[in-house]
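Trainee: What follows is a single structure, and I will ask about it in a moment.
Nothing in this text is a laboratory measurement; each read-out follows from the coordinates by a stated rule. As the structure is a computational prediction, the values presented were derived from the model and not from experiment. Methodologically, a virtual Cβ is constructed for each residue, glycine included, from the backbone with ideal geometry; neighbour enumeration extends over all protein chains shown.
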Amino acid sequence: MSRHLDLLTGAQEAIGNAVTDQASALLDRVRGTVNTFTQAALPTAVAALGQLHYSGSSGNFQSATEPITLYAKFFSGYRVQDINESGYPVYTRERLFSCRGGYVLVDMPHIEIDGALLLELQVIEDFLKGGCYIE
Amino acid sequence: MSNITINLYNFEKRRNSTLRPIDAGDVYQGELKQDFALTGLDVRFRFTNFAEVPHYNYARIESFGRYYWITEWYYESGFWRALLAVDVLASYADQIMDSVQFVTRATRSPVTKPYMIDPLAQPAGIPTREYRQIQPGDFWGAGVNTNDGLVVLGVVGADAGSVGAVTYYAMSMPVFSSLLNTMLSSPDWLNISTSEISQGLQKAVINPCQYIVYCRWFPIYSYDFVNNGGTLGGGEIVNSINLGWWSFALANIARKLDTAGSGWMRVARSFQVPKHPEGTGNNLFYQLSPYTSYTLEFPPFGVFEIDTTEFLGKTIMGVEVSFSVLTGDATLKVAAGADNNIDFGKSLLVYEGQIGVQLPIAQVAGNINNFKQALAAGTITGLDAVLQEVK
């Protein structure tokens with residue numbers, strides 16, 4: 001019984017394989033035909049595309065009537081403090097003698113004075129850091 | 001108690017100042033308390049008129065090498081007592097002035113940075129406005145309200161010197177108008193015998209505008225361009241144009257643009273840059289944003305915000321447009337300069353756009369038939385290849 005079954009199964013497989021092979025061959029031919037068509041047709045069509053051109057359009061002259069303009073807008077500067085009490089930005093290392101006669105503000109002051117007490121040095125540095133007048 | 005010589009002053013100075021009195025003041029003998037700190041003294045004075053309140057506010061004790069603020073006067077058991085606090089800025093003024101520090105702000109400094117924005121100066125109030133203009137006719141050379149502009153025509157016609165399949169001609173508007181009038185008023189120029197094709201049929205069948213594939217107006221002075229050529233020169237002066245199978249005599253000369261370079265143009269002008277009225281001296285930073293802003297409106301390229309730092313130390317702004325009349329492709333360059341010296345190689349703005357106005361001609365045509373024919377030809381070629389394989 002099992003042998004018959006094997007024979008039948010084998011026959012089914014044989015028939016199935018034959019059908020599959022035929023279908024596959026047919027698909028290959030279709031695919032090949034499409035390829036052939038495409039390869040032959042496309043270059044001709046693409047080459048002909050170069051002949052496609054347009055001419056004429058509606059333009060307008062508006063932009064050619066407009067002047068070329070440079071606009072400027074100015075805000076006045078409102079000083080929060082008087083310049084004599086706040087100074088101008090300097091941001092440079094320099095000898096304080098050169099700032100004599102006005103306000104000075106120092107960033108990270110450091111000073112060494114022979115004979116000055118530690119407390120006095122700290123106070124001097126605090127003054128320089130908070131702004132003082134070199135006079 | 002120990003006696004000490006003290007110079008007393010009625011002295012006007014700021015608390016945070018190195019200022020020192022220049023004279024000797026009034027010299028007194030004071031009595032120091034037995035225990036004292038150098039920075040804070042308690043001194044007793046024996047004034048002759050004890051009923052009078054001492055008016056001194058400042059002191060100098062030479063033996064201590066220091067200046068002192070008098071912070072308080074007390075009257076005690078027939079004596080005036082003064083509390084003194086050391087004035088370090090005056091006491092060490094020479095050493096402070098001799099020190100080198102990183103100065104961030106100063107009223108008097110040989111080092112000025114006038115372009116550095118000062119955060120203590122806030123922009124405020126109602127802004128004032130100024131503008132500088134160049135009229136389009138002054139920039140381009142021709143205005144829209146005149147016939148001075150240049151018409152560039154691209155036609156398909158027999159010409160060995162054409163750019164691609166198209167030959168470009170630059171002409172004035174009157175010449176262009178005359179050409180169209182000649183073309184469209186009568187089909188005589190076709191030289192087709194009316195015994196072969198009636199004139200009515202000629203007009204119905206042949207549309208001369210089909211040979212015109214490019215037609216654009218530029219606001220540049222046509223007389224100069226036609227007679228002298230574009231910026232790079234080139235091209236030849238002609239009296240007729242080739243259109244399709246025919247040749248047309250022109251009412252006046254035109255310039256045949258036989259190379260891409262012959263259609264090249266460069267136009268440049270400059271503005272005086274308006275400056276902030278307060279942006280002088282140490283306030284030059286007013287010429288920068290946010291105190292100042294600049295906007296350039298340049299049709300047809302658009303509207304551009306200009307970085308204010310570009311105009312620092314500069315007085316003029318140059319604008320240059322390079323373009324091809326064969327395509328309308330244009331490049332706008334904006335540069336800042338001084339003393340009429342502008343280097344467009346250092347442009348602050350480079351922008352591309354299109355200039356020129358496309359003029360409508362008799363038809364807006366796309367020869368879609370060619371495309372359809374091409375597709376049909378491709379289909380036939382493809383089918384033929386398939387059939388060959390089948391065979």
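Trainee: Under the Karplus relation 6.51 cos²θ - 1.76 cosθ + 1.60, θ = phi - 60°, what is the ordered set of whole-Hz ³J(HN,Hα) values for the stretch A:62-78, x standing for Gly and Pro?
Mentor: Per-residue couplings from phi come out as 4, 5, 7, 9, 7, x, 8, 10, 10, 9, 10, 10, 10, 9, 6, x, 9 Hz.
Trainee: Going by how many other beta carbons lie within 10 Å of each one, how would you line up A:His110, B:His55, fewest first? Don't skip to the end; give the middle numbers.
Mentor: Details: A:His110 12, B:His55 9.
Ranked by crowding around the Cβ, least crowded first: B:His55, A:His110.
Trainee: Hey, another quick one. I'd like the Karplus ³J(HN,Hα) series for the stretch B:189-196: coefficients 6.51, -1.76, 1.60, θ = phi - 60°, whole numbers in Hz, and an x wherever there's a Gly or Pro.
Mentor: Values per residue, Gly and Pro as x: 5, 6, 6, 9, 5, 5, 6, 8 Hz.
Trainee: Using the Kirkwood radius over C-alpha pairs as Rh, can you work out the diffusion coefficient of the stretch B:22-75 via Stokes-Einstein at 20 °C, viscosity 1.002 mPa s, in µm² per second?
Mentor: Numbers: Rh = 12.4 Å.
My calculation gives 173 µm²/s for D.
Trainee: Just to verify a number: FRET efficiency for B:Thr48 and B:Arg15, C-beta to C-beta distance, R0 = 22 Å, to 0.05? Mind dumping the intermediate values first?
Mentor: Working: r = 31 Å, r/R0 = 1.41.
E between B:Thr48 and B:Arg15, to the nearest 0.05, is 0.10.
Trainee: Going by how many other beta carbons lie within 10 Å of each one, how would you line up B:Trp189, B:Trp264, fewest first? Before the final figure, lay out the partial values.
Mentor: Values: B:Trp189 15, B:Trp264 19.
Ordered by Cβ neighbours within 10 Å, fewest first: B:Trp189, B:Trp264.
Trainee: Determine, from the Cβ-Cβ distance of B:Ser2 and A:His110 and an R0 of 25 Å, the FRET efficiency 1/(1 + (r/R0)^6), rounded to the nearest 0.05. Provide the component values of the computation, followed by the final result.
Mentor: Values: r = 36 Å, r/R0 = 1.44.
According to the calculation, E is roughly 0.10.
Trainee: Right, next: At q = 0.11, 0.12 Å⁻¹, work out log10 I(q)/I(0) for chain B with the Debye formula, treating every Cα as an identical point scatterer and leaving solvent out; two decimals please.
Mentor: Evaluating at q = 0.11, 0.12 Å⁻¹ gives log10 I(q)/I(0) of -0.94, -1.00.
Trainee: Which residues' amide hydrogens lie under 5 Å from the amide hydrogen of B:Leu150, considering only partners 5 or more residues apart or on another chain, with H built in the peptide plane?
Mentor: Those qualifying (amide H under 5 Å, at least 5 residues apart or on another chain) are B:Phe218, B:Ile220, B:Ser222.
Trainee: State, to one decimal in nm, how far the label point of B:Ser195 lies from the label point of B:Ser177, with both points 7 Å from Cα in the Cβ direction.
Mentor: My value for the distance between the label points is 4.0 nm.
Trainee: Let me ask another. Tell me the angle of helix B:368-390 to the major Cα principal axis of chain B, expressed in degrees between 0 and 90 and rounded to the nearest ten.
Mentor: Roughly 70 degrees, rounded to the nearest 10.
Trainee: Could you tell me the center-to-center distance, by alpha carbons, between the stretch B:114-132 and the stretch B:225-268 in angstrom?
Mentor: Computed from Cα coordinates, the inter-centre distance equals 51 Å.
Trainee: In terms of modelled amide H atoms, which long-range or inter-chain residues lie less than 5 Å from the amide H of A:Tyr91?
Mentor: Those lying under 5 Å, H to H, from A:Tyr91 are B:Thr104, B:Arg105.
Trainee: To the nearest 10 degrees, how steeply does helix B:173-185 sit against the main Cα axis of chain B, on a 0 to 90 scale?
Mentor: So the helix axis and the longest Cα principal axis differ by about 30 degrees.
Trainee: Right, something else. Per-residue Cβ counts within 10 Å, from other chains only, averaged over B:121-133: what number is that?
Mentor: Values: counts 10, 6, 5, 5, 5, 2, 5, 5, 4, 5, 6, 6, 6.
Mean shielding by partner chains, rounded to a whole number: 5.
Trainee: What pairs in A:Lys129/B:Lys13; A:Lys129/B:Lys33; B:Lys13/B:Lys275; A:Lys73/B:Lys333; B:Lys275/B:Lys333; A:Lys73/B:Lys113 have C-alpha atoms more than 30 Å from each other?
Mentor: Values: A:Lys129/B:Lys13 19 Å; A:Lys129/B:Lys33 34 Å; B:Lys13/B:Lys275 41 Å; A:Lys73/B:Lys333 22 Å; B:Lys275/B:Lys333 21 Å; A:Lys73/B:Lys113 23 Å.
Table pairs above 30 Å Cα-Cα are A:Lys129/B:Lys33; B:Lys13/B:Lys275.
Trainee: Still on this model: Once amide H atoms are built 1.01 Å from N in the peptide plane, which residues 5 or more positions from B:Asn57, or in another chain, come under 5 Å H to H?
Mentor: Here B:Tyr9, B:Asn10, B:Phe11 satisfy the definition.
Trainee: I want to check the label-to-label distance for B:Ala165 and B:Glu352. Put each point 7 Å from Cα in the C-beta direction and report it in nm to one decimal.
Mentor: So the label points at B:Ala165 and B:Glu352 sit 2.5 nm apart.
Trainee: Can you work out the Karplus-derived ³J(HN,Hα) for every residue in the stretch B:345-357? Use 6.51 cos²θ - 1.76 cosθ + 1.60 with θ = phi - 60°, whole Hz, and x for glycine or proline.
Mentor: Whole-Hz 3J(HN,Hα) from phi for the stretch B:345-357: x, 10, 5, 8, 8, 10, 9, 9, x, 10, 10, x, 10.
Trainee: Right, here's the next one. Mind checking the mean number of beta-carbon atoms from other chains within 10 Å of the Cβ atoms in A:120-131?
Mentor: Details: counts 8, 2, 1, 6, 8, 2, 2, 7, 7, 2, 1, 4.
Shielding by partners across A:120-131 averages 4.
Trainee: Here is a further query. With label points built 7 Å along Cα→Cβ from the Cα atoms of A:Asp126 and A:Asp28, find their separation and express it in nm.
Mentor: Rounded to a tenth, the inter-label distance reads 9.9 nm.
Trainee: What's the whole-number percent of alpha carbon pairs in the stretch B:214-360 lying beyond 22 angstrom?
Mentor: Values: 5623 of 10731 pairs.
Of the Cα pairs, 52 percent sit more than 22 Å apart.
Trainee: Which order do B:Ile355, B:Ile70 fall in if you start with the one that has the fewest other Cβ atoms within 10 Å?
Mentor: Working: B:Ile355 24, B:Ile70 21.
Least crowded to most crowded, the residues run B:Ile70, B:Ile355.
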